[in-house]
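Take a look at the structure set out below.
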Amino acid sequence: MNKEEDILLKEGKMLPVMEHFYTLQGEGAHTGKASYFIRLGGCDVGCHWCDVKESWDPTLHPLMNAEEIAETAAKHCKTVVLTGGEPLMWNLDILTSKLKELGCTIHIETSGAYPMSGHIDWITLSPKKTGLPKEEIYEKASELKVIVFNNNDLKFAEEQAAKVSANCRLYLQSEWSKRDEMYPKITDFILEHPEWQASVQTHKYLNIP
């Protein structure tokens with residue numbers, strides 16, 4: 001990356017885009033909704049079970065003009081999901097301003113480990129023990145989605161739920177490779193704590209992106 005590209009990246013005029021695609025949202029409160037996904041490269045949270053580890057190194061992904069990618073997304077759909085990687089590593093002001101100008105509703109999927117930027121309508125907070133959320137993000141979260149890899153994650157989920165607002169929706173989602181083991185435990189937990197709901201990666205069952 002040259003000096004000019006570095007400046008454009010910090011300003012948010014260019015962003016490292018791993019991929020972008022039109023599909024159905026597979027998880028959480030908006031499951032089944034047509035959505036245009038923009039997956040940004042770069043993440044240093046380091047979840048060992050991450051299913052997109054190829055997104056971690058931002059230098060592997062081309063820098064794209066933020067306003068141009070916004071225009072591409074808006075041509076397909078007015079619900080746009082920013083994901084990663086960790087999208088909040090980057091300045092999202094220009095991308096999201098252009099999306100709002102084009103009439104889009106903007107969702108973000110984040111660990112919350114970086115400060116908020118941009119104009120976001122729906123925040124999916126998926127906290128990770130390896131990089132806990134900034135305090136400011138808890139109160140802004142629209143939904144809390146905790147990935148359950150082992151029994152300790154259920155306790156972690158309760159700890160995280162205590163920090164979000166009363167209006168935040170609460171979801172437990174098994175890590176994909178552990179689903180046969182963990183969903184029975186998630187079910188039992190939710191029956192005892194009905195404020196929670198189960199989230200399933202429906203896009204993997206549907207064999208779509």
Round to the nearest 10 and report in Å² the accessible area of Glu4, as given by a 1.4 Å probe over the protein chains' heavy atoms. 130
For the chain, with a Gaussian network of springs between Cα atoms less than 10 Å apart, report the residue from Leu125, Leu60, Leu99 with the top mean-square fluctuation. Leu60
Just to confirm, what accessible area per residue do you get for the chain at 1.4 Å probe, in whole Å²? 48
Expected field for His119, accessible surface area in Å² at 1.4 Å probe radius, rounded to 10, holds 100
Equivalent ellipsoid dimensions for segment 100-140 as semi-axes, Å, which come from the Cα gyration tensor, largest first: 22, 9, 8
Fully extended, how many nm does the chain gain between Glu101 and His76 (0.36 nm per residue separation, minus their Cα-Cα distance)? 7.5 nm
Give the relative contact order (percent, whole number) for segment 7-96; include only Cα pairs under 8 Å separated by 6+ residues. 40
More than 24 angstrom apart: percent of Cα pairs within segment 1-111: 21
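Do any of Lys13/Lys129; Lys145/Lys185; Lys75/Lys98; Lys53/Lys75; Lys33/Lys163 go past 24 Å between their Cα atoms, and which?
Those over the limit are Lys13/Lys129; Lys53/Lys75; Lys33/Lys163.
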Taking the square root of 5 times each eigenvalue of the Cα gyration tensor, what semi-axes in Å does the equivalent ellipsoid of segment 72-163 have, largest first? 27, 13, 11
Share of carbon and sulfur in the accessible heavy-atom surface of the chain [1.4 Å probe, %]: 51
Please give every one of the aspartates and glutamates within straight-line cross-link reach of Lys204, meaning a C-alpha to C-alpha distance under 14 Å, and leave out same-chain neighbours fewer than 8 residues apart. Glu27, Asp51, Glu175
Heavy-atom accessible area order for Tyr114, Tyr205, Tyr138, largest first, 1.4 Å probe: Tyr205, Tyr114, Tyr138
Let me spell out the model: positive unit charges on the Cβ of Lys and Arg, negative unit charges on the Cβ of Asp and Glu, origin at the Cα centre of segment 3-205. What dipole size does that give, in debye rounded to 20? 280
Counting pairs of alpha carbon atoms under 8 Å apart in space and at least six apart in sequence, what relative contact order in percent does the chain give? 17
Order by accessible surface, 1.4 Å probe, largest leading, for residues Leu154, Leu191 comes to Leu191, Leu154
Degrees between helix 179-192 axis and first principal axis of the chain (Cα, 0 to 90, nearest 10): 70
Per the rule of 0.36 nm per residue minus the C-alpha distance, extending Ser177 to Leu24 adds in nm 52.9 nm
Once Lys and Arg are counted +1 and Asp and Glu -1 for all other residues with Cβ under 14 Å from that of Leu102, the total becomes -1
Mind checking the alpha-carbon convex hull of the chain and giving the volume per residue in Å³? 113
Proximal aspartates and glutamates to Lys10, defined as alpha-carbon separation beneath 16 angstrom and excluding residues fewer than eight positions away on the same chain: Glu67, Glu86, Asp93
I'd like the orientation of helix 152-161 relative to the chain: the angle between its Cα long axis and the longest Cα principal axis, in ° from 0 to 90, rounded to 10. 70
Sum of side-chain charges, Phe189 neighbourhood, beta-carbon under 13 Å (Lys, Arg +1; Asp, Glu -1): -3
State the extension gain, in nm to one decimal, for the chain segment bounded by Lys3 and Asn150, taking 0.36 nm per residue of separation less the distance between their alpha-carbons. 48.5 nm
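The values are calculated or read from the model by the stated rules, or taken from the named source; none is laboratory data. Here the structure is a predicted model, which means the values were calculated and not measured. In this analysis, Cβ positions are derived from the backbone assuming ideal geometry, glycine residues included, and neighbour counts consider all displayed protein chains. Side chains included, ligands, DNA and RNA excluded: accessible areas come from the protein's heavy atoms. Shrake-Rupley method; radii C 1.70, N 1.55, O 1.52, S 1.80 Å.
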